[in-house]
């Protein structure tokens, strides 16, 4: 029996080594020497790129709010809010402007969005810097994304919204802004109700599968107002969301430290 | 050789135990003490909730057909038809009204929809009862959902459609209604043709990726008419659908007993 | 040690055999004796079917460009471009006409589209032949689809576009046509820029999550022009796309030989 146990452990050890080795080999990221490549973020299959001098035939077909010589691109399979709030910081810090935010129905089989965000600038060094700042901020803004096999929650908060939050969510620039999302969508409805009862804030909109999302399975409340009140509303909604989503498939977990 | 076989069985037994234990720990649903929580159904990540006295700032932004004091919410990652037909029974049985049905493009990487269904009532006990009735009916209405790795089929039938089927699918209230869906969508086209040749029924509509779905990969025929004819059409389509979907990746299976 | 190693190998061999056997049993495609069934392609859950004499009640609700007695149906969970380009060859070779192309947001949790393509003809033997030709061409047109855990690339090229490419992508009939797609979408933007700088071609359109896709996470450039130039643009974009997508999760791989 003891011998068998030991043998079983040896077999399992080898199996696990083989499995891990296989995974590592198959998915090892390669390096890029392209001038267009800026970097990646360690979450959401997020990639940052720049085009120094965009082809006009392309630029005219990109549905950009304004034409620029240089474009910076932040693109991800998983995550809309985190990348948008990361770009919100980046445009504050650089001489660039948001010219497109699009949200595919993605997340690799999950309930939410991916993102495609394009910023423009007259100088490629500006847009490159914007993409670098945004990539660095992405993990922070995944800090209040909580996942379980049944769905996810997302909370975002800024004391002072900038251009990206305005472009994507109609957040008033310079005021506090909060995003409160739950999936499946009904959880977002109850989180939204909780938030609005917890503090005196302004409702910007409520997005749901048929309204203001790309058919994602999310209920998303966008709020604005006094910074203390917005934060309080977001925190109250988070508690209720964690409780409700936990009833379906165990405690939701965040992959990065909470920032709110 | 016999020894090796036994060893293999022992190893596999231990592996399975470890795997199952891990799964159980990771996904164990938690309990909720929130007054908003009603319960869950054992399929589709379906959760039921109520809001006794909805915040008006939220309610005005929910795109509801009519405003109510109390809201009942049925929300799921997987399944539109089953939850809608379950709610169809629930509104018949309670003093509530359907005020929103939205269908995200979801099913956790599958080809179909999830659902967000909201009912309203003047009394929270009514909407709570509606959600309880709907949750209890969900497994039955998954009885003719057949899955394979390549896609799925869904059949629904009621002898007397009510408000939810009317709201979502334009089913005439009080008449027999049938839903015939196949994924990938082309299978639904052939199922629909079969259904209409099998019995004399009225076509309400045919939904497909670009028309009447949220870009789901389904072909969905909605029919009405004499109850015997509707049932006959649904049953004929089911046979053809099982045959066609089976050619891609093996026999499709239902997780609950067929009810049609 | 040597003995143990051998034993471990034996155990693992048996485990793998059991695993493979199980997979085969669970997903073994069944055969169909239905007259509607034409066949399947070995990729993308692609199924081909015909309806010899379509029910008028169905046909009128299918949103077809033109009514026909016989319909041919090509339907898939994964792949829009490959199936459309395969049908492009099929309609050239048969007396049939494209009457519907719809693109669900699918790919089983991937970033792209599935497809539903319907052709019409006056004779069922014509539409059956069209579906057979298209099914046979599908693997070829997956030859320049490259997948990684983080996303995919797709390249298509024809020296002479026909009706399906025209219907779906507005490709001028009889001229060379190229499709350049990357997912996540931002990679498609940079690939598009590269393509347009590599050769003198005409931009037909650029599709992205919010424009011209079904919310897929793809950036897709459609080009036309001189056949050598179109091919050169496609090949240049492929190099850049492979490099960029590789930075996220390892080298993207094609499942069939490249044809461009």
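Only Cα pairs under 8 Å and at least 6 apart count here; give the relative contact order of segment A:154-260 as a rounded whole percent. Numbers along the way, then the final one.
Working: 219 pairs, mean separation 31.1, N = 107.
Relative contact order for segment A:154-260 comes out at 29 percent.
If you average the sequence gap of Cα pairs under 8 Å that are 6 or more apart and divide by the length of chain B, what percent do you get for the contact order? Provide the component values of the computation, followed by the final result.
Working: 592 pairs, mean separation 43.8, N = 260.
Reported relative contact order: 17 percent.
Going 7 Å from Cα along the Cα-Cβ axis for the label, what nanometre distances separate residue C:174 from the same residue across the other copies?
Nearest first, the other copies' label points are 6.1, 6.1 nm away.
Using a label position 7 Å from Cα in the Cα→Cβ direction, what is the ascending list of nm distances from residue C:42 to the same site in the other copies?
4.1, 4.1
In nm, what is the difference between 0.36 nm times the number of residues separating residue C:256 and residue C:63 and their Cα-Cα distance?
Details: separation 193, 0.36 × 193 = 69.48 nm, distance 3.38 nm.
Extending this stretch completely gives an extra 66.1 nm.
Could you pull out which residues in segment C:87-114 have an amide N less than 20 Å from a spot 7 Å beyond the Cα of residue C:173, following the Cα-Cβ vector?
C:87-102
Restricting things to alpha carbons, tell me how big chain A is in terms of Rg and Dmax, in Å.
For chain A, the Cα-based Rg and Dmax read 20.7, 73 Å.
Which values, in whole Å and largest first, are the semi-axes of the equivalent ellipsoid of the protein assembly as shown obtained as the square root of 5 times each eigenvalue of the Cα gyration tensor?
On the way: eigenvalues 253, 253, 198 Å².
After scaling each eigenvalue by five and taking roots: 36, 36, 31 Å.
Given labels modelled 7 Å from the Cα in the Cβ direction, how far is it in nm from residue A:52 to residue C:56?
Each label point lies 7 Å from its Cα, and together they span 6.6 nm.
Rounded to the nearest 500, what is the 222 nm mean residue ellipticity of chain C from helices alone, with -39500 (n - 2.57) per DSSP H run of 4+ residues and division by all residues? Present the calculation step by step, with values, prior to reporting the outcome.
Working: 7 runs with 105 residues, N = 260.
Only helices count here, giving -13000 deg cm²/dmol.
Return the distance in nm (one decimal) between the two label points of a simple spin-label model at residue A:122 and residue C:202, each offset 7 Å from Cα along Cα→Cβ.
My value for the distance between the label points is 3.6 nm.
Of the DSSP beta bridges with both residues in segment B:150-260, give the percent that are antiparallel, rounding to the nearest 5.
Details: 20 of 21 bridges.
About 95 percent, rounded to the nearest 5.
Along Cα→Cβ at 7 Å, what distances in nm separate the residue C:259 label point from those on the other copies, shortest first?
Its label point is 4.6, 4.6 nm from the equivalent points in the other copies.
Could you tell me the distance between the Cα centroids of segment B:123-191 and segment B:81-106, to the nearest Å?
First find each Cα centre; the distance between them is then 9 Å.
Identify, for chain B, the residue whose C-beta comes nearest the rotation axis onto chain A, and round that distance to whole Å.
Residue nearest the B-to-A axis, with distance in whole Å: B:109, 2.
If I take the Cα coordinates of segment A:106-260 and project them onto the principal axes, what are the three extents in Å, biggest first?
Computed over the Cα atoms, the extents are 50, 36, 31 Å.
May I ask you to derive the FRET efficiency for residue B:226 and residue A:211 from their Cβ-Cβ distance with R0 = 41 Å, giving the value to the nearest 0.05? Mind showing how you got there, number by number?
Details: r = 37 Å, r/R0 = 0.91.
Efficiency, from the Cβ-Cβ distance: 0.65.
We did not get these values from a lab; they are worked out from the coordinates using the rules stated. Because the structure is a prediction, the values reported are computed rather than measured. Please note: Cβ atoms are built from the backbone with ideal geometry, for glycine as well, and neighbour counts cover all protein chains shown.
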